[in-house]
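These notes concern the structure reproduced below.
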There are 2 protein chains.
Amino acid sequence: MKRLSTSDSHFKTQFASLLANRGNDERRVVEPVRNILDDVRTRGDVALCDYTARFDRLTLTPEQLRISAEEIRSEAARVSSELMDALKLAAKRIEAFHKAQIPQDIDFTDDQGIRLGMRWTALDAVGLYVPGGKAAYPSSVLMNALPAKVAGVKRIAMCVPTPDGVLNPLVLAAAHLCGVDEIYRVGGAQAVGAMAYGTHQIAPVDRIVGPGNAFVAEAKRQVFGHVGIDSIAGPSEVVVVADENNDPRLVAIDLLAQAEHDEQAQSILITTHSAFAEAVGNAVLNELKTLPRSKIASQSWENHGAIIVVKNLDEAADIVNQLAPEHLEILLDEPRLFSENIRHAGAIFMGRYCPEALGDYVGGPNHVLPTSRTARFASGLSVFDFIKRTTSIETNRNGLKAIGPAGVSLAKAEGLDAHALSLSLRLDN
Amino acid sequence: MKRLSTSDSHFKTQFASLLANRGNDERRVVEPVRNILDDVRTRGDVALCDYTARFDRLTLTPEQLRISAEEIRSEAARVSSELMDALKLAAKRIEAFHKAQIPQDIDFTDDQGIRLGMRWTALDAVGLYVPGGKAAYPSSVLMNALPAKVAGVKRIAMCVPTPDGVLNPLVLAAAHLCGVDEIYRVGGAQAVGAMAYGTHQIAPVDRIVGPGNAFVAEAKRQVFGHVGIDSIAGPSEVVVVADENNDPRLVAIDLLAQAEHDEQAQSILITTHSAFAEAVGNAVLNELKTLPRSKIASQSWENHGAIIVVKNLDEAADIVNQLAPEHLEILLDEPRLFSENIRHAGAIFMGRYCPEALGDYVGGPNHVLPTSRTARFASGLSVFDFIKRTTSIETNRNGLKAIGPAGVSLAKAEGLDAHALSLSLRLDN
């Protein structure tokens with residue numbers, strides 16, 4: 001863990017090293033992923049079965065790639081009713097928030113009598129990647145599938161690796177709850193390739209979303225353009241801005257809730273009060289003694305954690321904007337006042353009773369958020385990921401006469417004579 | 001040019017070949033681009049000067065990379081007042097349409113007393129790539145810069161190659177009109193690298209937009225994630241749906257207006273009337289005799305052009321949706337009725353007096369649009385490319401008590417104990 005203070009003369013250098021990319025260099029996977037994608041394009045389902053045998057130790061025929069309705073039902077039935085209720089509450093709140101995102105179309109006739117429009121329509125088909133192993137979170141299934149549903153996407157296909165053939169009841173229950181029943185036991189770059197290019201068993205989709213390991217991320221990067229993709233997620237991060245009127249233990253737990261995700265995660269506390277900073281640092285070490293995932297969390301905290309003492313809250317806001325964090329907790333008396341100075345953050349959690357974990361599950365807004373400072377230009381997953389815009393222009397002869405001549409001038413200046421003609425012939429008509 | 005008819009038994013196969021990707025395989029540029037980007041990261045402005053000497057035959061010192069205010073003014077002054085007026089009309093209309101896109105924030109308190117929000121904010125800095133040579137269009141400068149301005153982006157940097165040191169007065173006039181005065185005479189992958197990673201002379205930006213050649217496209221693909229990028233543009237295309245009550249010559253000109261862009265462009269006519277189809281085909285050949293860019297246009301028409309005769313307009317709409325064209329002209333009596341069945345298109349032009357060229361310049365909506373069937377999942381450039389969302393949750397103790405317990409259950413089920421604790425400790429508080 002790094003201790004920084006804006007009063008320190010070395011602050012700038014130390015802070016710059018905090019901003020450095022925590023992701024690994026993924027160049028080593030570029031060629032292997034290219035080969036897998038080429039193979040899936042060429043050999044289709046046979047390639048999928050080969051890779052599944054090799055990576056997941058699971059022998060399948062092409063017909064067995066899809067998880068049957070009966071398997072989904074019986075696995076989902078193993079989930080306790082308490083958990084099902086929790087999933088349902090989460091789903092209801094996520095759905096409600098994302099419904100509020102549905103944007104308005106544009107349709108107006110301007111003073112030249114030209115009717116201009118912009119219409120939003122849903123994608124036809126979306127592919128949802130769900131990782132296997134330790135990062136297979138049912139909450140992520142809800143967060144990825146429900147915005148697509150709300151957007152009006154008709155077909156949602158899901159790929160999830162099942163190492164050694166073991167199904168994850170919670171993941172299947174979450175998918176079932178969202179009405180997703182087209183699920184394939186395929187993972188890795190091969191799953192991305194199948195959804196992008198299509199195989200005999202898996203019809204191609206228009207956009208692929210969902211987190212994954214380095215192979216999945218590189219595969220998404222390579223199929224980008226042929227299909228749409230969501231942003232490529234880096235390690236998770238939280239910035240907590242807290243005054244001394246917080247319980248140091250609660251702040252420590254919030255920092256560790258981020259750190260327990262993975263060793264590359266980053267938790268940063270910003271506070272004006274150096275004794276409080278000290279208390280939180282001690283509380284983190286104390287909690288690490290009993291936290292079940294302490295091995296992961298302590299690596300994250302040791303290597304990437306930081307406590308920054310600032311002179312005032314303006315400095316704090318400035319630092320937050322430079323960090324552009326995925327998650328920002330504001331544990332102050334007037335959190336909204338502070339938030340007004342934040343230009344770059346994926347999601348903000350306001351108030352002492354609003355920890356980030358609330359947003360991971362049941363808050364309503366999406367928990368798929370821009371990482372690694374990309375909140376400077378990117379946004380969390382939303383209904384906007386599953387709709388697209390078509391603009392329109394409609395005019396009669398009068399409208400054309402009003403604005404067409406300027407178009408003719410510009411087309412001629414650009415040396416595009418057929419463009420100019422298509423306007424001028426109609427103007428003379 | 002291909003003649004297709006939906007009544008033909010080979011229609012499906014023939015149509016499938018129309019859908020095939022017209023883009024070149026860009027793998028050959030992957031390594032050269034990677035080397036250029038690495039070089040720009042390492043050597044900064046010195047690398048930029050080296051590549052500019054090599055590719056643009058122009059020797060510069062780092063201080064000369066930026067085009068001076070005096071150069072911009074004097075070049076812009078060479079543009080005729082007629083053209084300046086045309087640019088101004090275009091700018092005014094583009095600005096007005098994009099202002100209508102500015103979305104609403106979300107802010108509501110739900111029935112549990114939890115305040116949920118989503119706020120749109122502008123990007124800090126955007127880089128605009130403008131190609132040199134034949135594709136240096138002033139209209140594209142307006143279409144890229146104005147949405148960023150309307151969105152509230154404070155810094156817009158522009159890179160444009162100037163082969164042999166020759167400046168393009170129209171491009172500089174368009175930039176000047178948009179208030180863009182930070183312009184560098186740098187092109188290619190090296191320009192993308194400079195804007196993404198920053199050099200001593202060129203501060204880094206958050207998102208890079210604008211068209212370019214294969215090197216520029218691959219460079220954008222490689223810096224994606226570190227900065228945002230717009231979609232990677234393929235060759236341009238138009239689909240014209242026309243009945244027999246159109247002048248075949250006008251339809252032919254509209255098809256050629258697309259074909260004259262470049263050899264890979266694609267123009268497709270869809271009509272129910274085979275004699276009309278014949279007449280348009282002949283008119284295209286006739287116009288090619290006199291069209292200045294006939295060499296480019298005839299290659300495009302010969303290799304990628306098509307006329308499809310359909311039985312009825314329902315079939316026409318179905319084919320349009322499969323093509324997901326960048327531009328769709330509807331030259332029918334009731335264009336709006338037909339447009340209601342279109343799910344996938346970048347931009348629609350409705351009515352016999354509304355050719356696509358109107359939208360290239362002065363219509364108002366953006367002319368940077370999704371190509372190569374990507375309208376299935378992508379949209380034209382807009383204000384949305386220059387803003388991003390921050391969601392927020394604010395709750396007090398009561399709100400947490402209402403929904404927190406479900407979060408605890410889910411966190412425990414996912415094996416994330418610090419997540420569970422951050423909620424449960426506050427619930428007990």
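Rule-based calculations on the coordinates, nothing more; no lab input. Note that the structure is predicted; figures quoted are calculated from it, not measured. Counting neighbours? That spans all protein chains shown, and the Cβs are built from the backbone with ideal geometry, glycine included.
With all distinct Cα pairs included, what does the Kirkwood hydrodynamic radius of the range B:54-102 come out to in Å, to one decimal, could you say? Each step should come with its number before you reach the end.
Values: mean 1/r = 0.0715 Å⁻¹.
This gives a value of 14.0 Å.
Kindly put B:D8, A:D164, B:D50 in sequence by how many other C-beta atoms sit within 10 Å of each C-beta, fewest to most.
Details: B:D8 13, A:D164 8, B:D50 16.
Ranked by crowding around the Cβ, least crowded first: A:D164, B:D8, B:D50.
Counting only other chains, and only Cβ atoms inside 10 Å, what mean value do you get across the residues of A:289-299?
Working: counts 0, 2, 3, 4, 5, 2, 0, 0, 2, 0, 0.
Mean number of neighbouring Cβ atoms from other chains: 2.
Can you list the copy-to-copy distances for A:L337, using a point 7 angstrom from Cα toward Cβ, in nanometres, shortest first?
6.2
What is the pair-distance distribution P(r) of chain A, computed from all Cα-Cα distances in 10 Å bins starting at 0, with each bin given as a whole percent?
Computed distribution, short to long bins: 4, 18, 25, 22, 16, 10, 4, 1, 0.
What's the exposure ranking of B:K220, B:K289, going from fewest to most Cβ atoms within 10 Å?
B:K289, B:K220
How far is the Cα center of the range A:208-269 from the Cα center of the range B:385-427, in Å?
With the range A:208-269 and the range B:385-427 each reduced to a Cα centre, they are spaced 15 Å.
For the pair B:D243 and A:R41, how long in nm is the line joining their label points, each one 7 Å along Cα→Cβ?
My value for the distance between the label points is 4.3 nm.
For the range A:234-376, compute Rh as the Kirkwood radius over C-alpha pairs and then the Stokes-Einstein diffusion coefficient at 37 °C and 0.692 mPa s; write the answer in µm²/s, rounded to an integer. Write out the running numbers ahead of the final one.
Details: Rh = 14.8 Å.
The diffusion coefficient I find is 222 µm²/s.
If you project the alpha carbons of the protein assembly as shown onto the principal axes, what extent comes out on each, in Å, largest first?
That works out to 83, 66, 49 Å along the principal axes.
With charges only on Cβ, +1 for K and R and -1 for D and E, what is the dipole size of chain B about its Cα centre, in debye, rounded to 20? If you can, show how the numbers build up before the last one.
Values: 44 positive and 53 negative charges, 160 e Å.
Roughly 780 debye, rounded to the nearest 20.
Assume the label is 7 Å from Cα along Cα to beta carbon: what separations in nm does B:Q112 have to the matching positions in the other copies?
Label-point distances to the other copies, shortest first: 5.1 nm.
Work out, step by step, the length gained on full extension between B:H200 and B:T290: first 0.36 nm times the residue separation, then minus their alpha carbon distance; give nm to one decimal. Walk me through the numbers before you get to the answer.
On the way: separation 90, 0.36 × 90 = 32.40 nm, distance 5.01 nm.
So the chain would gain 27.4 nm between B:H200 and B:T290.
Calculate for chain B the 222 nm mean residue ellipticity that helices alone would give, adding -39,500 (n - 2.57) per DSSP H run of length 4 or more and normalising by residue count, nearest 500 deg cm²/dmol.
Working: 17 runs with 193 residues, N = 429.
It comes out at -13500 deg cm²/dmol, rounded to the nearest 500.
According to the square roots a ≥ b ≥ c of the eigenvalues of the Cα gyration tensor, what is the shape class of the range B:158-274, taking rounded for a/c under 1.5, prolate for a/b larger than b/c otherwise, and oblate for the remainder?
On the way: a/c = 3.07, a/b = 2.12, b/c = 1.45.
Prolate is the answer for the range B:158-274, as a/c is 1.5 or above and a/b outweighs b/c.
Quick one: give the max-minus-min coordinate of the C-alpha atoms of the range A:171-210 along each principal axis, largest first, in Å.
Sorted from largest, the Cα extents of the range A:171-210 read 28, 18, 17 Å.
Just to confirm the numbers: A:G198, label point 7 angstrom along the Cα-Cβ line, distances to the other copies in nm, shortest first?
4.5
What number in nm² do you get for the range A:43-146 if you take the convex hull of its Cα atoms and divide its surface by four?
Directional mean of the projected Cα hull area for the range A:43-146 stands at 11.4 nm².
So what are the ³J(HN,Hα) numbers for the range A:416-429, from phi and the Karplus equation (6.51, -1.76, 1.60; θ = phi - 60°), rounded to whole Hz, Gly and Pro as x?
10, 6, 5, 4, 4, 4, 4, 8, 5, 4, 6, 5, 7, 6
Kindly flag which residue pairs out of A:K149/B:K311; A:K12/B:K388; B:K220/B:K388; A:K412/B:K154; A:K99/B:K412 have an alpha-carbon separation exceeding 23 Å in this structure.
Details: A:K149/B:K311 34 Å; A:K12/B:K388 27 Å; B:K220/B:K388 19 Å; A:K412/B:K154 33 Å; A:K99/B:K412 28 Å.
Correct reply: A:K149/B:K311; A:K12/B:K388; A:K412/B:K154; A:K99/B:K412.
Which ordering of A:W120, A:W301 is given by a fewest-first count of other beta-carbon atoms within 10 Å?
Working: A:W120 18, A:W301 26.
So the residues, fewest neighbours to most, are A:W120, A:W301.
Once the other residues with Cβ under 10 Å from the Cβ of B:E356 are scored (Lys, Arg +1; Asp, Glu -1), what is the net sum?
On the way: positive: none; negative: B:D254, B:E326, B:E329, B:D360.
Its environment carries a net charge of -4.
Give the average, rounded to an integer, of partner chain Cβ atoms located within 10 angstrom of each Cβ in A:394-406.
On the way: counts 11, 9, 4, 4, 1, 5, 6, 1, 2, 9, 7, 5, 11.
Mean shielding by partner chains, rounded to a whole number: 6.
Pairs of Cα atoms under 8 Å, at least six residues apart: use those to get the relative contact order of chain A, whole percent. Write down the numbers at each step before the final one.
Values: 808 pairs, mean separation 85.5, N = 429.
Worked out over chain A, it gives 20 percent.
Defining a contact as two alpha carbons under 8 Å apart and six or more residues distant in sequence, what relative contact order in percent does the range A:347-400 show?
Values: 24 pairs, mean separation 11.5, N = 54.
It comes to 21 percent, rounded to a whole number.
About its Cα centre, what dipole magnitude does the protein assembly as shown give when the only charges are +1 on Lys and Arg Cβ and -1 on Asp and Glu Cβ, stated in debye to the nearest 20?
For this selection, approximately 440 debye.
Looking at the range B:27-229, I'd like the Rg to Rh ratio, where Rg is from alpha-carbon atoms and Rh is Kirkwood's inverse mean 1/r. Please list the in-between numbers first.
Working: Rg = 18.6 Å, Rh = 17.9 Å.
With Rh from the inverse mean 1/r over Cα pairs, Rg/Rh is 1.04.
Between chains B and A there is a rotation axis; tell me the chain B residue with the nearest beta carbon and how many whole Å away it sits.
Closest Cβ to the B-to-A rotation axis, residue and whole-Å distance: B:P103, 3.
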